[in-house]
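Beneath this line is the structure, given in structure tokens, with notes to follow.
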Amino acid sequence: MATTVILGSGIIGLSTAYYLSRQQPGSSIHLVDPSPRLFASASGYAGGFVARDWFDPRLAALGALSYQEHATLASEHGGAERWGYTRSVTLSYGSRGEAKMAGHDGEGEGDWLRDGTSRAGDAGEKESRKGDAPPWLRLNDGDKVNVMDVGEGTAVVDPLKLCEFLLEHVKATGVHVHHPAMVLSVGTDVRDELASVTIGYTNSSAETETPATRLLLCAGAWTPQVLASLFPLAGSPVRITSLAGHSLVVRTPGFRAGDGSHSLFCTLSDQGLSPEIFARADGVIYLSGVNSPRTPLPRLATAAQPEEAAMEKLKDVARRLVSVPAGHRQQELEVVRAGLCFRPVTDRGAPYITRLRDEQLGVKTRVGQEGGVFVAAGHGPWGISLSLGTGKVMAEMMADRETSADISNLGI
């Protein structure tokens, strides 16, 4: 039985561990993460939007698979109660009638993210019809709201709670979790094939050698650095950069748990912003849409500090779009959490989900299901939506089985 070491314990690594533990003993799986607090970047601070068919052809099958896996996981494990899984009414909003979302041209997700336009362009030519605004949305004369999905193909989760569930579940199957820790080096056997890793614990001087014939690199925006540190002869086969994104979670007396889930994609031309707003099942409202490719990637996710100017922009959006009922003061819009995370983006607009070839690594690996070095990273703003599908196909790929979704265009 191949021992698998997963470098990165965010939503992609946990999803892979979840599906791997269904086909091999959990004790043969190791999760390694350098952060002293897990889920301190996109896996904990993302909006949690899940879509079935908002993807270009390269990701269409994976998107559909992952959407179904989200529904199945929630059904089997009480996802509605445990991580707020709920079907979401998805709408477009435009001030002064600008309800048609500004999308992007071509296949690169970096275009609209860096330009500050909306991911709603990824939805393609969705039928859009006039609909009622959610109860918490503040509307002014001339504002327009259109329905893009009535909840048949979009959903919302709390990604932090989903990650916490997955972590708890895989640990119960025997999966080893090492953090704060990092893989310092890889070792080979008498045949010069990958056979072990040395794990160093960053809160002490302890090191341990762990058998490992399979590695998965899924450290988000940090993946290229991890690859370069372990396989210095590999060059740069994985081209991933980071895009900083701020988020704000608020609570208002105008929205209560049980009011239903809404996803709102906005155009605010006067501010040059396209905020994304997700009303979650537990009664909080998540806002994002202030991004920066210039914010440097910190060494550890826990070192990220939200920028005051960016947070003020989001607070202005909240004051403008999130209503407070009559009889309450606007100051009663409670800030629950502010965050800064780093999305792993690729210029090609699609993640890497693949096995690296030995010649790309400069190290031999065992053939078939007995070994290999794999990459699953670069999901951009779609990491939560595509997480479970990615984990499932990655587990299948490691087992040298036919994958449940076509990922033939996601290699290197």
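The values are calculated or read from the model by the stated rules, or taken from the named source; none is laboratory data. Just so it is clear, the structure is predicted and the values come from calculations on it, not from any experiment. Here the Cβ positions follow ideal geometry from the backbone for every residue, glycine too, while neighbour counts run over all protein chains shown. Heavy atoms of the whole protein, side chains included, go into the accessibility calculation; ligands, DNA and RNA do not. Shrake-Rupley method; radii C 1.70, N 1.55, O 1.52, S 1.80 Å.
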key: Added length on full extension, which subtracts the Cα-Cα distance from 0.36 nm per residue, Asp400 to Glu312   = 26.7 nm
note = Expressed as a percent, the portion of alpha-carbon pairs in the range 249-304 spaced more than 14 Å apart is 64 percent
query = What part of the accessible area of the chain, given as a whole %, is carbon or sulfur when the probe is 1.4 angstrom?
reply = 47 percent
ask   = Could you give the nm distance between label points at Asp270 and Thr72, where each point is 7 Å from its Cα heading toward the beta carbon?
value = 4.8 nm
Helix axis angle, 308-321 relative to the chain longest principal axis, alpha carbon, degrees = 50 degrees
task = Might you tell me the accessible area per residue for the chain, computed with a 1.4 Å probe and given in Å²?
result = 40 Å²
query = For the chain, what class follows from the C-alpha gyration tensor (a ≥ b ≥ c being the square roots of its eigenvalues): rounded when a/c is under 1.5, otherwise prolate if a/b is larger than b/c, else oblate?
reply = prolate
query = If the chain between Asp53 and Tyr201 were fully stretched, how many nm would it gain, using 0.36 nm times the residue separation less the Cα-Cα distance?
reply = 49.2 nm
task = For every helix of n ≥ 4 consecutive DSSP H residues, a contribution of -39,500 (n - 2.57) applies; sum these over the chain, divide by its total residues, and give [θ] at 222 nm rounded to the nearest 500 deg cm²/dmol.
result = -7000 deg cm²/dmol
remark   = For Cys218 the rounded accessible area (nearest 10 Å², probe 1.4 Å, non-protein molecules ignored) is 10 Å²
key: Accessible area of Thr241 in the full protein assembly, 1.4 Å probe (Å², nearest 10)   = 70 Å²
message = Students sometimes get this wrong: rank Glu359, Glu402 by accessible area, probe 1.4 Å, all chains present, largest first.
response = Glu402, Glu359
inquiry  = Place a point 7 Å from the Cα of Glu370 along the Cα-to-Cβ direction; which residues of the range 1-38 have their backbone N under 18 Å from it?
reply    = 1-5
message = List the pairs from Lys161/Lys392; Lys161/Lys315; Lys315/Lys392 whose alpha-carbon separation is above 27 Å, in the order I gave them.
response = Lys315/Lys392
ask   = For the chain, what is the relative contact order in percent, using Cα pairs closer than 8 Å and at least 6 residues apart in sequence?
value = 26 percent
inquiry  = Taking the 0 to 90 degree range and rounding to the nearest ten, how far is the long axis of helix 60-77 tilted relative to the main principal axis of the chain, both from C-alpha atoms?
reply    = 90 degrees
key: Accessible-area ranking of Glu396, Glu207, largest first, probe 1.4 Å   = Glu207, Glu396
task = Please work out the FRET efficiency for the pair Glu209 and Asp141, using the Cβ-Cβ distance as r and a Förster radius of 56 Å; give the result to the nearest 0.05.
result = 0.25
note = Everything considered on the Cα gyration tensor (a ≥ b ≥ c; rounded for a/c under 1.5, else prolate if a/b is larger than b/c, else oblate), the range 187-232 must be described as oblate
remark   = If R0 = 30 Å, then Arg22 and Ser292, at their Cβ-Cβ distance, give a FRET efficiency to the nearest 0.05 of 0.15
message = What figure, in Å² to the nearest 10, do you get for the accessible area of Asp282 with a 1.4 Å probe and non-protein molecules left out?
response = 60 Å²
